[in-house]
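The values are calculated or read from the model by the stated rules, or taken from the named source; none is laboratory data. Just so we're clear, the structure is a prediction, and the values are computed from it rather than from any experiment. Using ideal geometry, Cβ is built from the backbone for each residue, glycine included, and neighbour counts are taken over all protein chains shown. Please note that ligands, DNA and RNA were not included when accessible areas were found on the heavy atoms of the full protein model with its side chains. Shrake-Rupley method; radii C 1.70, N 1.55, O 1.52, S 1.80 Å.
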Amino acid sequence: MKEKKCNLNLILYEIRNISGNFFTHFFGIVFPILMSLILSKSVGSQVPEAIRGEVVTSIIISMSMVCPMAIILIGYPSNYSQEVEKGVPLRMRLFGYSEKSVILAKVIAQLIFLTGALGIFAIAVTNLIDVQKPAFSSLLCLTACLYLLAVIFFILSHAITNILKKFGPTFFVSMALYFLTMIVCGMMGVSTDQLPKALQAVAYTLPMTYIANDFIDFWQGGSYNFGPLIQSFLFLGAVSGILLLFASYKNKRVIR
């Protein structure tokens, strides 16, 4: 059978799969908007008016990361793990779709859905919350970081699913990673500096910490040392890549 390439029908099929997932809609769209409203009101009311705009905007920057984290770190493995359990990847290969074509379609579909979610989030928070207007370069930097996080989370989620292969364990691990990351990276109203030293050491290996805590410093312009942020992206990407290689090696041994 001739190998079928990634095409529009396959991408639309993956988008329908994403759209039918409750966890993706709630945690990826509704939850960050609700958290933005709650934290901006509760935390914003406790700080002096002179810095309220900066504090609220910092919260919105943090909550924007919830969209890729939830959609891809929770939504994707919950869908894909059920596909693995039902043997869908094998059936796709029998229908002539290579693994690379299917994965490419999944990545494109996830990024398309993420774009829509970020658009809804941006419209909601800018209309409901008083957010500082960013410099174009700062907004571009945040957007690039969100999509880079999405790609890394996809690799990580794909690896975890292929290692565990069951919906229950996969969902538990992905949900635990989601909430632990939010807590450690200072995205739940508790600053990273307030955490124990051991957790701080973990937090500063993750790019989400730098985005949540530092991006407000150059949100309306200015300079920033991107070195630690780039190193954290490389570290998270390397860990995700190693897990994916391990999953691939594990599956090859099972097949043999």
query = Label-point separation (nm) for K86 and S137, each offset 7 Å from Cα along Cα-to-Cβ?
reply = 4.9 nm
message = On a full-extension model of 0.36 nm per residue, what is the gain between L180 and E54, subtracting their alpha-carbon distance, rounded to one decimal in nm?
response = 42.8 nm
ask   = Using the eigenvalues of the Cα gyration tensor, what equivalent ellipsoid semi-axes result for region 105-256 when each is taken as the square root of five times the eigenvalue, whole Å, largest first?
value = 30, 19, 15
Contour excess over end-to-end distance, with Cα ends at R16 and Q200 and 0.36 nm allotted per residue = 62.3 nm
query = Kirkwood Rh over Cα pairs of region 1-136 into Stokes-Einstein at 25 °C, 0.890 mPa s: D in µm²/s?
reply = 147 µm²/s
inquiry  = With only alpha-carbon pairs counted, each pair once and no self-pairs, how large is the Kirkwood hydrodynamic radius of the chain in angstroms?
reply    = 19.2 Å
key: Taking all pairs of distinct alpha-carbon atoms in region 182-256, Kirkwood radius in angstrom   = 14.3 Å
task = Could you look at the chain and say what percent of its accessible area is carbon and sulfur, using a 1.4 Å probe and all protein chains?
result = 68 percent
remark   = Probe 1.4 Å, heavy atoms of protein chains only: per residue, the accessible area of the chain in Å² is 51 Å²
key: Mean Cβ count within 10 Å, highest first, over the residues of peptides 11-17, 193-199   = 11-17, 193-199
ask   = Once the Cα atoms of helix 49-64 and of the chain are each reduced to a long axis, what angle between those two axes, in degrees from 0 to 90 to the nearest 10, is obtained?
value = 0 degrees
query = So if we plug the beta-carbon distance of V190 and L34 into 1/(1 + (r/R0)^6) with R0 = 22 Å, what FRET efficiency do we get, rounded to 0.05?
reply = 0.80
